[in-house]
Structure formats: structure tokens, C-alpha cells
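Contents: one structure, followed by commentary.
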Amino acid sequence: MIKLALRGIRASLGRLVLMTVAIVAGVGFVSGAFILSDSLSGTFTNLIADATAGTDAQIQATEPEFGQDPVSLPQSLVDTVAALPEVGVADPAVGVDSEQNFRPFVILRDDGSRVQPQGGPVISFSWNGDTGSFITSAEGTPPVGIDQTAIDSGYAEAAGVSVGDQVRMSTPGGERTFTVSSIVEPSVAAGAYYVLFDFASAQELFGKEGQVDQIALTRASGVSTDDMITAVQTVLPPEAEVLNQAQVVDEFSAGFEQVIGIFRNAMLTFAGIALFVSLFIIYNTFAILVNQRLQQIGMLRAIGATRAQVRRGILVEAVIVGVVGSAVGIAFGLVVAFGIKSAFQATGGFPETGTVVAPRTIIVSLLVGLVATIVSALLPAFLAGRVSPIAAMRNEAPSRSTRTRRIVIGSVVLAIGLVLMGLGLFGGGSASSVLVPLAFGAIFTFVGVAMLSVLFAGPAVDLMGRAPVLGVALLGMGLLLPVLTFTVGKGLPGGPFSGIVFVIKMLVSVVAVLTGASILASLARGGRTVGIGGSGAGLEGRLARQNAARSPQRTAATATALTIGIALVATVGVVGQSLKATFADTLERAIKADLFIYDENGSPFSGQLANQMEQVDGIGVISRFRANEVRLADGDVTSLSAFNADTGEQLLTFGVTEGSIDGLTDNGVLVFTDEAESRGLAVGDTLPVEFPDGQTEELTVSGIFDDNSVLNSPLLVDLSTYERHIPAADDFFVGATVAEGADRAAVQTEVQSLADGFGSISVQNTGEFLDSQEDQIDSLITLINLLLAFALFVAFLGVINTIVLSVIERTREIGLLRAVGMTREQTRATIRWESVIVCLFGAVLGIVLGVLFAAAAVVAIPEGIIDSVSIPWESLVFAILFAALAGVLAAVFPARRAANLNVLNAITTPGT
Amino acid sequence: MTETETSASPLPPPPPDALSDTAAAQAVNAVKIYGRGDTEVHALNNVSVSFERGAFTAIMGPSGSGKSTLMQCMAGLDRLTSGATFIGGVALSTLNDKALTELRREKVGFIFQSFNLIPTLNARENIRLPLDLAGAKPDKAWFDQVVSATGLGDRLDHRPNELSGGQQQRVAVARALASRPAIIFGDEPTGNLDSHTSAEILDFMRTAVDELGQTIVMVTHDPRSASYADRVLFLSDGHIVDEMAKPTADQVYDRIRSLGG
């Protein structure tokens, strides 16, 4: 049987290749996810290991419990530790507490503007001149003394300085001038820039005299690391801990692992979706293969093949397809990983990574591919085993009598899916207890609907395939698409790939209009003429329609793959659109300012900008917005925002429901309604708040507010209260109004030119601000759709596959039609038409399901995030037309095959 | 096609002495009913027949006379509604699907009208197929004898689509012979062939009976094909209505015409 299976594979190589490709996409994503994440974490781990290679252990402050940076350790500890006989060298270092003192060491240009390149923050710490580990090479000499500094090559390039140059920098203690003694190359740039000083100068500059942040330890000769650590532990103060090198690396990697893990899981999710689509395609292909080979299987049964042998034969084919598909998939994963890595590296600062293909990657990918293939082939194999030996003597394929069972099982599966979704929606509970049943419910619903679609696939396809219906639909949607694009959509929005997407949309629209018009035109001429691309309004159309309707089971199964893909796109589209609509609504209600000033990277920026803005003619009122973490009496750490209370209400809506905003300037605090409720706070109550400087202040609740859509903090205070404890003069957001009668555009331009001196600061008017916020959601939707495109591609392969198989199955019939005078072009048109109908059916069903799932998801998502369902009509119309076009493309190869059939051979082909 | 199967026979089992020692296959009171109620069709109506070892038997009858059904039931491809069929003394109704499959593999050979060769296997591999399915080592001498009897010579390494219809059917006959079965059933084995090639195949089958000692039962429409047999059975409406020993084509033709087939 194995020989038979192998030969069978060789004979039906084409369709098996298609199945293999279906597996490749899913497995490729699985292996790509693992390869990429392994490579990344391997690289980071190696880098950290390298960076700490010279040391055996490290002393650092224990993890702080709340929003502050680690407390520094006393410098005396260095001497204490160094005095231990077990310790060889104790090398202290200090760094800048990045959160409290944002970007203190920034090079200033001659005009006073800050050199803040796109990308990351500027980080400062002490450097003793070592090269080889973290600093891989250095030009010049290490900085010595308070007037010298070392910067990394990226920052040097941005500032246009070289070794020996004088640079002016902003520091916490005011501006200072340094000589660049060295330009260094860090092994991990990771998008950040570096400004380094010698240890003593760093202590002084960072305001950490007499303090150290960490002490790198090297053991004395003849002493083990463990012994040294034991000795060190006896002298450590409680706020310090000592870690060996492996622990340092682990602690450092753990942070990366978390980020990488999220990324990996996202990729695996899309891999799962692609595989889910593949399952249907493989199932469908094997089901058709079995049906085609009924006579052969019957003969094998007659001459003595057992049921098990027949089943095994099919499964062996599945195993081979699975193994080959997975192997190619793993290779494809390398390409995927490489592509994503290159994209990251192109954005800059990403470390060069090796490619790690762990045994786990190969095993998991192979297993996933293999199990997926075998599972999909199980039912066809089982049915093959049940083929009666008498089938060998029949010349026609008997109709499969599984319809009733299919409907029964389909109903049960659908019911389970709906119940699960219902549980998810109305069962309540945590996010996972909502989403997990919802997701599984969706999967079951898919499978159930796919099985049940047999019931309505026939009539639906029959209706959709009617020339007037199809003609009007294509023409109508083709005309509608550009209208929607320019009204509901924004024409040519910003965001990645928008240009290409726009061109594709317009092309699809033109093709749909022309095709629809030509179908209608040929109908008007009597329905005999073949229209553009052989639209097949006449006989061909009828044949195609009947073919698609004749085997609703196959039509349904083919369409299912496409249905899943389109349904996911529709779900994402509808949820995204709803999210956007809700977001825009709340935001629009919440903002009153005319100008919005913020850093594009989300970093705080100098308060000088707001000061300078106040001098601009035409500016009405201004408020600065800042935020930090604070601790409440029960130990909870929460976020607190501050703004100018006297002007704030003219810029934002806070939705104060009780009390008023006026009390803020008198040590008051506004509390978000949920927070007030959970803490039992009312207007007039006292709320003790501990600030990062360690001081606790008794604030008076002066009001309750319920609109936190812009300032996402439960506590709001006046800037004066805030500045008493956090003096850093950086704002994270500035809002302003334009005075009555002033030229808004001119004011905006002037503020923007001021802001240009402060780095990557955006100055936006209300419309631009709303758009830019929505664009962020658009970019996310585009990204998800891009990944879903893989699933759609797999579905597309499935359509090709089924159309090819249906051509083979109908060889005799096509030969007959050709013999009685159907032209090649008419033959092609018939196949094309059928493919379009099947694709349209899949797309429409997918959109219906997708909208339903999205509606369910919207119900499940808290109202604060999404409050109503909003349908992206443009995307949905585009999806349908795109599916129709995909149908035409999918039919190219099968149509050619059908048209080129040798008429005589085709007629004499025995049986099925 | 729906089919009612009842394992409990309304007729009593035949007495053991009714079984012939010399029969390769035997049917006793065979009844096969397709459909139910109004659509009920009695394909076999209490048929008893036995096929002697080393004989070449033809079954004839008009379309719908039950000749194919009789062959399928006797070959263990289909089950009777009631009655019993035996191959080499084994009652087929007592066997489950696995045992029945093994019995077919070891005791029964098949020749189909449409050849039914596996297009991806070459001629030799097709002949070996039943042995490979059984995982059995071929009896080398017998296998060589069968292969050489096909007269295919150097074309044994060709695929079916590189062979003529006659050659393909010779491969199919050889496949049926390969496992040295107790009985070979042919379903219109020459139905797809021209008269010249038909004669070739029938000669081959005749040789298998005369020289290799095989037992062949063949369903056919063609009086000339039937004339190659030692004995012809005539079926009509599920009954055996007549039989003829050492027939000539003309005798068969006359008899068939009288049956209206």
C-alpha cells in the first residue's frame, strides 16, 4: 500500500503540491515565530552574557516596590566588599534614573535646540574605559574628569561631532560644556543613544555623590564564586542583593523574553489561523481524491485489500504531504524570520542576530504540520475504508449519502459553538473567561456553519450565478467602492501600504464595473455573446451555475476556506471600525483645545516649549500636562496627572459630576468616578497621597470626574501640587486654544517652528489630532490584515485546487460539450464563472459570519472601549469584489486545462 | 442505492450433505432484495447453483436478470438477503468484513470489464498487487508461469496507459490468477474489447482452465464469449431458467433470443 500511496502521490502531484503549500504557510509561521524569537532571545542573552563576561557577580539594590527607581547604595559598600579576602576586584557604577530625570544629558545645538534623533532615549551612566564587552570599541581616550564625555557613534553622527569637539549639553544642574574624549560603539544600541562619564564625574553630574547603583565583582584567585557570594552576603545591607553572572543574565533576559513572548504568541496565532484554513483545504482535497478513486478503491477491496489497508493508504499519502509540507514550511519559516528581522534592522538599532533553529522548532513544526494533515485526512480515509468492493464494477460515482449525517453533526457543532459564544458573552468574569469560550465558540460555529452550508450552498450559488444578479451586483459594488472610498473612507489615508491598497481598490473597482457592465450588455444582446474576460452570460454561465449548485457539498467545502479568511478580515474590520468610532466619539467630546503639542515618541519634552508658546501672539490659554506614579495609603500604586487647573477646563472635558474643578488649586484632587466608588471617596474627603519624593500629602477630594479618555489617570491635581514633589520641568502634553479672531493656521505654524527646536514634537489642530489618533488604530488593522492575507492566500490555493479537481472529474462532460461545439474560450468562461460564483459565495458567507463574530466581540468588550457596532462598508465591499477577482485568477490554470483537453480522449475516459 | 441486509435467514440453512465436495463455489436458496416496499426489487429469487472445480462457466441473461448480482454475492462482494453462498466449503455469511476480505484475497480472483488496473503501477506490479496486499511471498514458479502466459514479454515494465486494451485485460487476468485462487469471477471481461482481442482474452482464460487447472465464472452478454465456456447458465428475473453444456455460439444465441435478451 505504501508503494501505491507513493505512486498515487506522483500521479496527482499537482494537487498534492497545492495541499503542501497550504501546510507550508501555517507551518512556516510556526517555525518562523520560533526561529525569530529564539534568535532574538539568544542574541540578547549572548550580549548580556558578553557584557558581564569579565565579572563573576554583581551587587545591586533590590527591586523597588513602587514607581521609583532603585535606591542607590552607599559608596562605602564598595570598600567594605573590596576588603573581603574572597573578592578580587569591586568595580562600582552609577547611572541616571531614567524615569525621574528624563533625558537630562542631551546635546544642545548652537541655537539651543536639543539633539534628539528619532528612535530612542539618550541614556547616561558611568564608564571606566573597558572595551570588549558592552562597549565593543572606542575611538579616542576614555573620559577623565567632569569636563569630558564619551558618546556613541550614532549620537555623534546625529549631533555632527567628533573626538576632540566641544559640546554643550543640558544636565539636571543646568547647561554644561564637555569635550568629547571618545566615541564608542555599544554592542546593543537597541534604538538608544549613550552619553558616558567617568565614575566620579558621573556621581557628581547625576547628583549621586557617595552613592553607587551597582558593583561588579571579580573573585579572588582560588576562591569559588559561590564562596565569594556567601562572604559578600554577610556584609550586604538589606536594600542590596548579590547575583551571580548567570542570574544577572537571566534577570536581564527575562524582560526581553516577555516582549519576545508576546510577539511570538501573536505570530503563532496567525499560524493557527492559516493552519485552520489549511485543514479545510486538505480535508476537501482528500475527500475529492477518495471520491475520484472510488472505482480503484473498490477494485482493491475486491481483490483483497482490507479496510485498514485502504485507510492506511490514504493516511500514508497524508503523512507524506504533511512531512514534505512541514519540511518546506520550516525552510519558509527561515525566510519569514529573516524577512521580519530585516524589517526590524532597517528601522535601526536592532542588534545583528544569528539564526537559531532549535530542535524544538523543528519538532514542533513537523508535529504541527503532520497532525494537521493527518487530522484533515482522517474522515476521508475512514470513508475510503467504507467504499464497497462493488464500486469496482460501477461506472458512475454514487452520490455520497452522508448528507443527513452531515447536517445532524453540523447542527450539533453549531449549537456547541453558539452555546460557547453565549457563555463567553454573558457568563461574565475575567478577560480570559470571556475570550477563551468566545474564540472556541467561533471555531465551532465556523465548522458547524461550514457543514451546514451544504443546505443553502446550492440555492445560494444558483441565485448568485444568475447573470442579471451577478451583473448588477458587480456593476453596483464596483461603482459603490470608489464612492465609499472617497466619502466614508478618507480617500488616500496615511499609514503603511495605503498607496498600494488604494491602487488595488481602484483597479478592482474598474474591473468589477467593466465585467458587470459587459455581462448586462451581453444579456441585453440576447445573452449569447461572451463579454469581457468571457463573462459567460449565456450558456456558459448557466452551465457554471449548475455545476456549482450540483455538488453543494464541494462548493461549500471550497468556499469554507475562503469564508474563514474573509470572516476574520471582516471581524477585524468591524471591531477595528467600532473601536475607531467609539474612540473618535469620546475623544471628540473630550477635547476643546485648538492645538495639541506632544512628542511623537510619547516622551516628555522640555517645559521651555510651553513657556515660549505663551509669548506667541494669538495663543489663548495653555495648560501643561504631566503624569507620574504615586502611592495611596493602602499601598496601591496608581497614576496621577497634573495640569493647570485654571485653564484646563477650557482645553479638555473632564466630566465633573460632583464638586468642582475649582478646589484643585487649594490642594485638591479630582477622583475618577470608578476609583471614587471603589475607595468610597466623596467630595470633601481627605486622600493621603505619597509622591515619588517620599513625602505624603493630604489632598482634599474637590470633585468626581467621569471622562478619562485623554488623561488616563484616576487622580488629577493642579500643577502646583505636582511641582512641589516632582520638580522636573518636562511636559508630556501641552494643550492650547487660539484666541478669538487670530489666524489659526498662522498660530499653528509659529508654534510648530518653536517646537522644531525641541526634537520630534508634533503640533496638531483638532482635526489632525483626531486623525493621527485614528491612524494608529488604522495601522494596527492594516498590520493584522496583512498577516491575515496569509490565510487568504491559503484559501485562494484551496479554490484553485477544487476547481482543478472539478475539471478532472468532469473530463468526459467537458469533452462532450467541446465535441458538440463549445469553443475553447467558452469552456474557459464556464470554469471561470463557476470559480467566481464559489468565491463570491465564500466571501458573502464570510462577511455575514465575520460581522456576527464582531458584534459578539463588541458586546464582550467593555463599553468604555467600544460602545457600538460600526460597519466598515468600504472594506466589506472591497472584500467581496476582491474575492470575485481572486475567483477569476484561481480559474486561470484550471480553465486552460479544461480548454486544452483532447476532445476524443476526454469522451472515452472511462467512468469518473 | 439503498440495500436491506438481514443476517437472519428466513429459510433454514441447507443440510451439509447438500454441499458438493467438488464445487469451488456454491449458492443455496440465494435471495437478494434491493430496496423496500414499493421499490422492492428481487434481484435473486431463490437461486441454488454450484460451480465445479476446473470448469469454465458462463452466466448469461438479459439486463436486470440478476446475473451480476449472483456473481457479486457468490464472490463475497455483496451479501445476500437470505440463503447462503459458499466458497471452498466456507459459508460467506458467517464471515465478518475482515475475514471476508481475506477470503477474497486468498480464494477469489476478479476480472473487471473496465480492466481496473492501477494506472500508476506497471504491468508486473499490477499482477503482483493481490500478493502485495496479502503481504505474501509469491510462488515464484507459479508467478513466472502466469506472467509468461500473458505473453506480454518485455512490456511487463510498461504502465497500463502504454498497453493496448487487450494487453491491459491480459494483465488483469494474470492479476486474478496470481494468487492461485479457488475461483475467478469475470464481470463482462471482454465487454470493452473488439472481437479479435476478445478472442485473445477468452483463449487466455480457456488456457488458464485447461492448463493451469483454474475455475472461472464469467458474466457475459455475448454468445460468442459464452461458447468458450464448458457450461452456460441462463438467468431471467432472478431465476436460473436453463443451462447448457459445451455450447456453441449459435445455440447460445438462439436460447438468449428466446429469453428476450
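Figures for the structure shown
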quantity: Qualifying position, being in a helix (DSSP H, G or I) and crowded, with 17+ Cβ neighbours inside 10 Å, among B:Ile184, B:Ile201; calculated: B:Ile201
quantity: Search result, residues across the stretch A:132-170 that are in a strand (DSSP E or B) and among the charged types (D, E, K, R); calculated: A:Glu139, A:Asp152, A:Arg168
quantity: Filter result for B:Ala208 (open to solvent by less than 20 Å² (accessible area, probe 1.4 Å), under 26 Å from A:Val310 (Cα atoms), more than 9 Å from chain A (Cβ to nearest Cβ) and in contact (Cβ under 8 Å) with a residue 40 or more places away in the chain); calculated: no
quantity: Subset of the stretch B:103-128 [in a helix (DSSP H, G or I), without any contact (Cβ under 8 Å) to a residue 60 or more places away in the chain, open to solvent by 10 Å² or more (accessible area, probe 1.4 Å) and within 9 Å of chain A (Cβ to nearest Cβ)]; calculated: B:Leu103, B:Glu125
quantity: Strands (runs of 3 or more DSSP E) wholly inside the stretch A:586-656 that include at least 2 residues being within 15 Å of A:Val669 (Cβ to Cβ); calculated: A:619-632, A:637-643
quantity: Top-ranked residue of the stretch A:46-68 - restricted to ones that are farther than 23 Å from A:Asn128 by Cα and not aromatic (Phe, Trp, Tyr), ranked as modelled with the highest pLDDT; calculated: A:Thr62
quantity: Residue list for the stretch B:161-173, restricted to those being within 12 Å of chain A (Cβ to nearest Cβ) and within 13 Å of B:Ala149 (Cα to Cα); calculated: B:Ala172
quantity: Matching residues in the stretch A:124-175 - criterion: being closer than 16 Å to A:Asp110 by Cα, open to solvent by 30 Å² or more (accessible area, probe 1.4 Å) and in contact with an Asp or Glu (Cβ under 8 Å, 6 or more places away or on another chain); calculated: A:Arg168
quantity: Verdict on B:Thr57 being touching a residue at least 40 places away in the same chain (Cβ under 8 Å), away from chain A (no Cβ under 14 Å), among the β-branched types (Val, Ile, Thr) and under 16 Å from B:Ile184 (Cα atoms); calculated: yes
quantity: Hey, A:Ala240 assigned by TED's automatic domain parsing to the domain that holds A:Gly154, among the small types (Gly, Ala, Ser) and buried (at least 18 other Cβ atoms within 10 Å of the Cβ) or not; calculated: yes
quantity: Criterion: surrounded by fewer than 23 Cβ atoms within 10 Å (Cβ to Cβ), touching a residue at least 24 places away in the same chain (Cβ under 8 Å) and closer than 24 Å to A:Leu279 by Cβ - qualifying residue of A:Leu783, A:Leu849, A:Leu805; calculated: A:Leu849
quantity: Boolean, A:Leu699 is closer than 26 Å to A:Asp594 by Cβ and buried (at least 16 other Cβ atoms within 10 Å of the Cβ); calculated: no
quantity: Residue that is farthest from A:Ala590 (Cα to Cα) [pool: residues in the stretch A:870-912 that are more than 14 Å from chain B (Cβ to nearest Cβ) and modelled with pLDDT under 80]; calculated: A:Leu904
quantity: Qualifying residues in the stretch B:237-255 (those that are of a type in the set (A, V, I, L, M) and open to solvent by 60 Å² or more (accessible area, probe 1.4 Å)) - the one nearest to B:Ala27 (Cα to Cα); calculated: B:Val241
quantity: Members of the stretch A:282-313 that are among the β-branched types (Val, Ile, Thr) and either within 11 Å of chain B (Cβ to nearest Cβ) or in contact with a Leu (Cβ under 8 Å, 6 or more places away or on another chain) (or both); calculated: A:Thr285, A:Ile288, A:Val290, A:Ile297, A:Ile303, A:Thr306, A:Val310
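Yes or no, residue by residue, for (1) under 30 Å from A:Ala53 (Cβ atoms); (2) open to solvent by less than 10 Å² (accessible area, probe 1.4 Å); (3) of a type in the set (Phe, Trp, Tyr); (4) touching a residue at least 12 places away in the same chain (Cβ under 8 Å):
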| residue | (1), (2), (3), (4) |
| --- | --- |
| A:Ala254 | yes, no, no, no |
| A:Gly272 | no, no, no, yes |
| A:Leu279 | no, no, no, yes |
| A:Phe286 | no, yes, yes, yes |
| A:Ala305 | no, yes, no, yes |
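The values are calculated or read from the model by the stated rules, or taken from the named source; none is laboratory data. Just so it is clear, the model here is predicted, and its values are computed rather than measured. FYI the Cβ positions are ideal-geometry reconstructions off the backbone, even for glycines, and counts take in every protein chain you see. Just so you know, the surface numbers come from the protein's heavy atoms only, side chains and all, with ligands and any DNA or RNA stripped out. Shrake-Rupley method; radii C 1.70, N 1.55, O 1.52, S 1.80 Å.
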